[in-house]
Amino acid sequence: MATLEIDSLTKTYGDVRALRGTSFDVRAGEIFGFVGSNGAGKTTTMRIVLGVLAADGGEVRWDGRPIDLAARRRIGYMPEERGLYPRMKVGEQLVYLARLHGLSAAAATDAMERWTTTLGVEARRGDEVQKLSLGNQQRVQLAAALTHDPELLVLDEPFSGLDPVAVDVMSGVLRDRAEAGVPVVFSSHQLDLVERLCDRVGIIKDGAMVEVGTIDELRRTETERWVVDGPPGAGWIGAVPDARAVSLEGSRTVVELTPGAGAAGDGAVDGTSGREQAVLRAALAAGPVHEFSLVRPSLTELYRDVVSAEEKPAAAAAETVEVGA
Amino acid sequence: MSTGTSLTSWGAIRLVASREIMTRLRSKSFVWLTVVLVGAVVLGGFVLNAASSSGPTAERVGVTPQTAPLAEAIEATGSTLGTEVETVDVADDAAGEAQVRDGDLDAVVTGTAGSPTVVVDTELSPGLTAVFTTLAQQTALSDAVADLGGQQTALSDAVADLGGDPAQVAGDIATAEPTVRTIGEPSEFDPTRYVTGLVTGILLFMAIMISGQLIAQGVVEEKTSRVVELLLSTVRPWQLMAGKVLGIGLVGLGQVALVVLAGVGTALGLGLVDTSTIDLGTAAVWALVWFVVGFVSYALLMAGLGALVSRQEDVGAVTTPVTFLMIVPYIVGVSVAPWAPDNPLVVWLSYVPLCSPLLMPVRIALGSAETWEALLALGLSIAVIPVLVWLAAKIYSNAVLRTGARVKLKDALRTT
C-alpha cells in the first residue's frame with residue numbers, strides 16, 4: 001500500500017486564491033480527517049486529487065509518482081455533491097460504475113451484492129435511486145465508492161446527513177478499509193467523530209494547512225495543566241515549586257506548571273513532564289483527591305483556536321471562496 | 001487486493017454506449033415513438049395506394065364522329081382486358097383535346113377509324129395503353145388479311161397459300177403500336193419520387209432532431225445529478241461524450257432503419273413504385289448513410305452546448321441556434337426541393353455541411369442528384385466532423401463540471 005502525497009497545491013478562482021500551497025500526506029492504513037471551515041479548500045483539494053479539477057501549481061503523488069488516470073481509477077470517491085443517475089436502478093448503477101473502474105461484469109456484480117448487503121441496502125437493489133431516502137442514497141453513494149475495492153478512499157463529508165446507526169456503519173467500514181491497508185481521507189465538520197475515528201487530522205484554513213498531526217500531537221499543549229478534584233481552596237498549592245492555580249471552582253482546581261522549569265520528575269510519560277507528581281502529593285497531603293487528570297483541549301477547542309485566529313479577514317475570504325469550492 | 005483490470009478507451013466508450021442503449025430501449029416514449037413512426041409509414045403507404053388506384057372508376061375516352069365506329073371495339077377490348085372504358089362522343093378533334101386538357105377525358109381518339117391517333121395530356125394510363133395496343137394489333141392483322149384479299153380462316157396457311165410471309169405478318173402484329181400524341185407539357189413530376197423525397201426529408205429531420213435532443217438532455221442529466229463528477233474521476237470527458245454519441249446514435253440508426261424498412265416493404269408490397277423510375281433501395285441506403293453523418297454532426301454540437309447548462313429547462317434555449325440550423329435545410333428540403341429539385345438554393349445548400357444531411361437525401365430520392373454530387377456532399381460533411389469533434393470536446397470538457405449558472409460559450413472555448 002502506498003502513500004498519497006499532496007504537495008504545494010495552488011488554485012485560484014478568478015480573484016480568489018482557494019488553495020495556497022496546500023500540503024499533507026495520507027499514509028497506508030490510516031484514516032486522515034480533513035477539517036476546516038466552509039470554503040477553506042477541502043473540496044477543491046479533493047477534486048484536484050481526483051483529477052476533476054486541474055491545479056494551478058503543485059502536485060499530487062501516489063506511490064511516489066504523479067497521479068494519473070490509471071491510479072485515479074483505483075480511488076474510491078464520494079463527491080461533496082452526491083451524484084448518481086436518479087432514474088437508474090441501484091444494483092445496475094453500482095455494477096455500471098464498478099465496471100467503469102475496470103471490473104469485469106461478474107466481479108462488478110459480486111461487489112455490488114457484497115456492498116449493498118454490508119451497507120444494509122440490499123433490499124433496494126431493484127429500485128430507482130430517486131425512490132430511496134436521502135440516507136439510503138448516501139449508503140448507495142458510499143457503495144459506489146467501494147465496489148471496485150479501491151486502493152485509496154477520498155470521501156467528501158461522508159457523514160453529513162446520516163442517522164446515528166448509519167454513522168456507525170460508515171465508521172465501521174472506514175475503519176475496516178484502513179485496517180486492510182487502504183489510506184482513507186475524509187472531510188467532516190463533525191469534529192467529535194473525527195477525533196474518535198481518525199489517526200491523523202489536518203486543519204486547513206484559507207487554502208493552507210495550519211495543523212497536521214495525530215490527535216495526540218495536536219492536543220499536546222505548550223503549558224501543562226492538571227485538574228485536581230480534591231482539597232478545597234488553593235492554599236495547598238503553595239508548597240509546590242513552579243506551579244500555580246489558574247482557576248478554582250468548588251473542589252476543582254486547575255494547576256498550571258511553569259513551562260520548562262525544573263527537571264523532569266519521576267514517572268514522566270508521553271506528554272507529561274513527571275513534575276505533576278509533586279502536585280498530586282501536595283494535594284493528597286491536604287485531603288482526599290477524587291480526580292487528577294491532564295487537561296487536554298478537545299479537537300473542537302483546538303479547531304476554534306486555530307480557525308478563529310484572525311477570524312475577521314479569514315471569514316471574508318471564506319465567503320468568496322465558497323462559490324468556487 | 002487489486003482486482004481492477006485496465007480499462008481501454010474503447011472499453012470505456014463501449015460501457016457508456018451500452019448504458020445509453022439500455023436506457024433508450026427501456027424507455028416507454030422511445031418504444032412508442034418507434035411504433036408510431038413505423039405505423040405512420042405503413043398506413044401512409046396504404047392511403048397512397050388507395051388514392052392512386054382511385055377505385056374502379058371507368059376511363060373516359062372521347063370519340064369524334066370520324067372515329068365513332070371504333071367506340072364499340074374500344075369498350076369491348078376494355079372489358080376483355082379488365083379495364084372499364086366509357087366512350088364519350090365529342091364534336092370534333094379540337095373539342096376533344098380541350099376536354100383532355102381540362103382533365104374531363106383521359107384520352108380522345110382523333111383521326112379516322114382506319115388510322116386513329118390517341119391524344120392524351122401527358123401519358124396514357126397502363127390500362128388504356130393495353131386497350132389501344134390490342135386494337136392496333138387487331139388493325140394490323142386485319143390490314144394484313146385485307147391486303148391479301150382473303151378470309152380470316154386458317155390464317156398462316158392462308159397467308160402462305162396466298163404468297164405472303166407468315167413471319168412478317170406475325171412481326172407486324174407484334175410490333176403494332178397505337179399512335180399516341182401528347183398535348184400537355186411533358187412533366188418530370190413523379191409522384192412516387194415526390195412522396196419518397198418528402199418522407200425522407202421529414203424522417204431524417206425528426207430522427208436527427210430527436211436524437212440530438214436526447215444527447216443534450218443526457219449531458220444535462222449527468223450534470224444536474226452531479227454523477228458526471230463521479231464518472232469523470234474514472235473516464236475522460238471525450239470518452240464519456242463519445243460513448244453517449246455512439247449509444248444514442250446506434251439506437252437512432254436502428255429506429256430509422258426500421259422505419260425505412262417498413263416504408264420500402266410497404267411500397268414494394270403494394271406495388272407503389274411499379275410506375276416510377278425510382279430505385280428505392282439506393283434511396284433507402286443513402287437515407288441511412290445521411291442519418292449517420294447528420295446525427296454525428298449534430299450530436300457533437302448538442303453535446304457541447306448541453307454541457308453549458310445545468311438544468312433541463314435550459315436545454316431548449318441553449319440548443320436553439322442548432323435547432324434553427326436544422327430547420328433551414330429541412331424547410332428547403334420538404335417545401336422547395338420536391339417541386340423544384342434544380343433550384344439553385346436547393347442545389348447549393350445540399351453541399352453545405354450540416355445542411356447536406358437534411359437536403360441531399362431528399363435530392364437523391366427525387367432523382368435530381370448525380371452519384372458524384374452525393375459523394376461530394378458526403379465527403380465535405382465528413383471532412384467537417386473532426387472540426388466538430390474538436391469543438392465539442394473542448395466545450396464539453398471545459399463546461400461539464402461547472403454547475404450552476406449557464407456557462408458562456410466563449411468562456412468554455414477560452415479555458416484550457
Item to complete: Go over the candidates B:LEU240, B:LEU272 one by one and state the one that is crowded, with 22+ Cβ neighbours inside 10 Å, part of a loop (DSSP other than H, G, I, E, B) and in contact (Cβ under 8 Å) with a residue 24 or more places away in the chain.
Response: B:LEU272
Worksheet entry | Verdict on B:THR122 being among the polar types (S, T, N, Q), open to solvent by 40 Å² or more (accessible area, probe 1.4 Å) and closer than 18 Å to B:THR179 by Cβ | yes
Worksheet item: Would it be correct to say that B:VAL256 is away from every other protein chain (no Cβ under 14 Å), in a helix (DSSP H, G or I), on the phi < 0 side of the Ramachandran plot and surrounded by 22 or more Cβ atoms within 10 Å (Cβ to Cβ)?
Response: yes
Discussion item. I'd like the full set of residues that are assigned to a loop (DSSP other than H, G, I, E, B), more than 17 Å from B:VAL120 (Cβ to Cβ) and touching a residue at least 40 places away in the same chain (Cβ under 8 Å), limited to the range B:56-75.
Written reply: B:GLN66
Practice prompt. Kindly indicate the residue of the range A:169-196 that is more than 14 Å from A:ASN136 (Cα to Cα), open to solvent by 20 Å² or more (accessible area, probe 1.4 Å) and assigned to a helix (DSSP H, G or I) and also nearest to the other protein chains (Cβ to nearest Cβ) among those meeting that condition.
Written response: A:ARG177
Item to complete: Please specify each residue of the range A:124-159 satisfying the condition of being more than 13 Å from chain B (Cβ to nearest Cβ), charged (D, E, K, R) and under 23 Å from the mean Cα position of the chain (by Cα).
Response: A:ARG139, A:GLU157
Fill in: Flag if A:GLY33 is in a loop (DSSP other than H, G, I, E, B), over 25 Å from B:THR403 (Cβ atoms) and either touching a Pro at 6+ places or on another chain (Cβ under 6 Å) or in contact (Cβ under 8 Å) with a residue 40 or more places away in the chain (or both)
no
Worksheet item: Restricting attention to the range B:47-61, does a residue exist that is closer than 22 Å to B:THR139 by Cα and surrounded by 20 or more Cβ atoms within 10 Å (Cβ to Cβ)?
Response: yes
Worksheet entry | the range A:3-20 residues that are assigned by TED's automatic domain parsing to the domain that holds A:GLY64 and open to solvent by 60 Å² or more (accessible area, probe 1.4 Å), paired with ones that are assigned to a strand (DSSP E or B) and hydroxyl-bearing (Ser, Thr, Tyr) (beta carbon under 7 Å, 6 or more apart) | A:ARG20/A:THR10
Worksheet entry | Answer residue from the range B:208-229, given it is open to solvent by 10 Å² or more (accessible area, probe 1.4 Å) and touching a helix residue (DSSP H, G or I) at 6+ places or on another chain (Cβ under 8 Å) and is nearest to the other protein chains (Cβ to nearest Cβ) among those | B:GLU229
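Suppose we keep only residues that are at positive phi and either of a type in the set (Asp, Glu) or out of contact with any Asp or Glu (no Cβ under 8 Å at 6 or more places or on another chain) (or both) within the range A:252-286. Which one would you say is modelled with the lowest pLDDT?
The residue in question is A:GLY267.
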Item to complete: Could you list all residues from the range A:48-94 that are more than 10 Å from chain B (Cβ to nearest Cβ) and of a type in the set (Val, Ile, Thr)?
Response: A:ILE48, A:VAL60, A:ILE67, A:VAL90
Worksheet item: If A:GLU222 satisfies every condition in (1) free of Cβ contacts under 8 Å to residues at least 12 places away in the same chain; (2) out of contact with any strand residue (DSSP E or B) (no Cβ under 9 Å at 6 or more places or on another chain) but one, which is the exception?
Response: (1)
Item to complete: Mind listing whichever residues of the range B:301-321 are part of a helix (DSSP H, G or I) and open to solvent by 10 Å² or more (accessible area, probe 1.4 Å)?
Response: B:LEU301, B:LEU305, B:GLN312, B:GLU313, B:ASP314, B:GLY316, B:ALA317, B:THR320, B:PRO321
Discussion item. Residue under question is A:VAL121, and the condition is that it be away from chain B (no Cβ under 11 Å), more than 24 Å from B:SER18 (Cα to Cα), buried (at least 19 other Cβ atoms within 10 Å of the Cβ) and touching a residue at least 24 places away in the same chain (Cβ under 8 Å); does it hold?
Written reply: yes
Worksheet item: Is there a residue in the range B:336-347 that is crowded, with 19+ Cβ neighbours inside 10 Å, of a type outside the set (Val, Ile, Thr) and assigned to a helix (DSSP H, G or I)?
Response: no
Item to complete: Considering each residue of the range B:363-403, count those that are assigned to a loop (DSSP other than H, G, I, E, B), open to solvent by 50 Å² or more (accessible area, probe 1.4 Å) and either at pLDDT 90 or above or within 14 Å of another protein chain (Cβ to nearest Cβ) (or both), and give that number.
Response: 2
Discussion item. Which condition from (1) surrounded by 18 or more Cβ atoms within 10 Å (Cβ to Cβ); (2) part of a helix (DSSP H, G or I); (3) modelled with pLDDT of 85 or more is the one that B:GLY78 breaks?
Written reply: (3)
Worksheet item: Quick one: is A:ARG74 more than 30 Å from B:SER18 (Cα to Cα) and either assigned by TED's automatic domain parsing to the domain that holds A:LEU152 or of a type outside the set (Val, Ile, Thr) (or both)?
Response: no
Worksheet item: Taking helices (runs of 4 or more DSSP H) that fall entirely within the range A:42-148, which contain at least 3 residues that are within 23 Å of A:ALA208 (Cα to Cα) and touching a strand residue (DSSP E or B) at 6+ places or on another chain (Cβ under 6 Å)?
Response: A:42-50
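The values are calculated or read from the model by the stated rules, or taken from the named source; none is laboratory data. Since we're looking at a predicted model, the values are computed, not measured. A quick note on method: Cβ atoms are made from the backbone with ideal geometry, for glycine too, and the neighbour counts reach across all protein chains shown. The accessibility values were calculated without ligands, DNA or RNA, using every heavy atom of the protein model including side chains. Shrake-Rupley method; radii C 1.70, N 1.55, O 1.52, S 1.80 Å.
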